[in-house]
1. Compute the Cα gyration tensor for the range 35-155, then decide on rounded, prolate or oblate, letting a ≥ b ≥ c be the square roots of its eigenvalues: rounded whenever a/c is under 1.5, prolate when a/b is larger than b/c in the other cases, and oblate in all that remain.
2. Using only Cα atoms, tell me the angle between helix 20-32 and the longest principal axis of the chain; keep it within 0 to 90° and round to the nearest 10.
3. Could you order peptides 132-138, 77-83, 27-33, 14-20 by the average number of other Cβ atoms within 10 Å of their residues, highest first?
4. Shape verdict for the range 21-61, please, from the Cα gyration tensor: rounded (a/c under 1.5), prolate (a/b greater than b/c) or oblate.
5. Helix 131-140 against the longest principal axis of the chain: what's the angle in degrees, Cα atoms only, rounded to the nearest 10?
6. Largest first, what is the accessible-area ranking of TYR130, TYR90 with a 1.4 Å probe?
7. Need the full-extension length gain, GLU149 to GLU51, defined as separation in residues times 0.36 nm minus the C-alpha distance. One decimal, nm.
8. Order of 36-47, 115-126 by packing, highest average Cβ count within 10 Å first?
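The values are calculated or read from the model by the stated rules, or taken from the named source; none is laboratory data. What you see is a predicted model; the values in this text were computed from it and never measured. Cβ atoms come from the backbone with ideal geometry, glycine included; neighbour counts cover every protein chain shown. We work out accessible area using only protein heavy atoms, side chains counted, and drop any ligands, DNA or RNA first. Shrake-Rupley method; radii C 1.70, N 1.55, O 1.52, S 1.80 Å.
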Amino acid sequence: MNDDAFWALIDELGGRTGDRDERLEWLRAELTRRPAAESVAFQVCLEEACERADTRAVWKAADRVEGGGCTEDAFHYFTLWLVGQGRKVYESVVADPDALADVPGIRALVGRHRDEWDDDEWPEWEELDYVAQDAFDELTGQEDDEGDEFLDAVEELADERGEREEDDAPRGSRPEGLAIPRLTALFPLGSSGS
């Protein structure tokens, strides 16, 4: 699975109806129709996308939406959610974190206290991080190995991909402007939304 195939799956996932659990079940079923190596490659692509979104500027945007309490774990779950929004939204927000103000799922939260947000509304999606392993375990019968075989395969493939991509620009080489005026206007700290 290359990046384009990964994003095609993610874009289809984002366009599906149903709640997050139903959409993840669809993705798990899609991955189980493919060789186990595809689940490993999916996870590597997911981790690479999350790593690319792991910038101070994106964290500041997530923290603003979450009312100033975005922990390290919450930010990782946010990057998973961001990937789950599809390639166009993801690339837009990574390039300019203030573009998060245009995302319908974020706009739906404006003016509402976080205690009123449903679980499916939170801009976090931890469960997306486990779907490839679930598919791999089902395909290989490795449910009892605590994920060791899957994690080893992911690490090996990530190392191989990293060696092939050594000539790419180093992480953090793109500008990371920290101004997020639209998000600041939508989610003022100390307001009813925090």
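1. Note, shape of the range 35-155 comes out prolate.
2. Taking Cα atoms only, the helix is inclined about 20 degrees.
3. Those peptides, ordered most packed to least, come out 77-83, 132-138, 27-33, 14-20.
4. Note, shape of the range 21-61 comes out oblate.
5. 10 degrees
6. TYR130, TYR90
7. Extra length from GLU149 to GLU51 when fully extended: 33.1 nm.
8. For the peptides 36-47, 115-126, the packing ranking is 36-47, 115-126.
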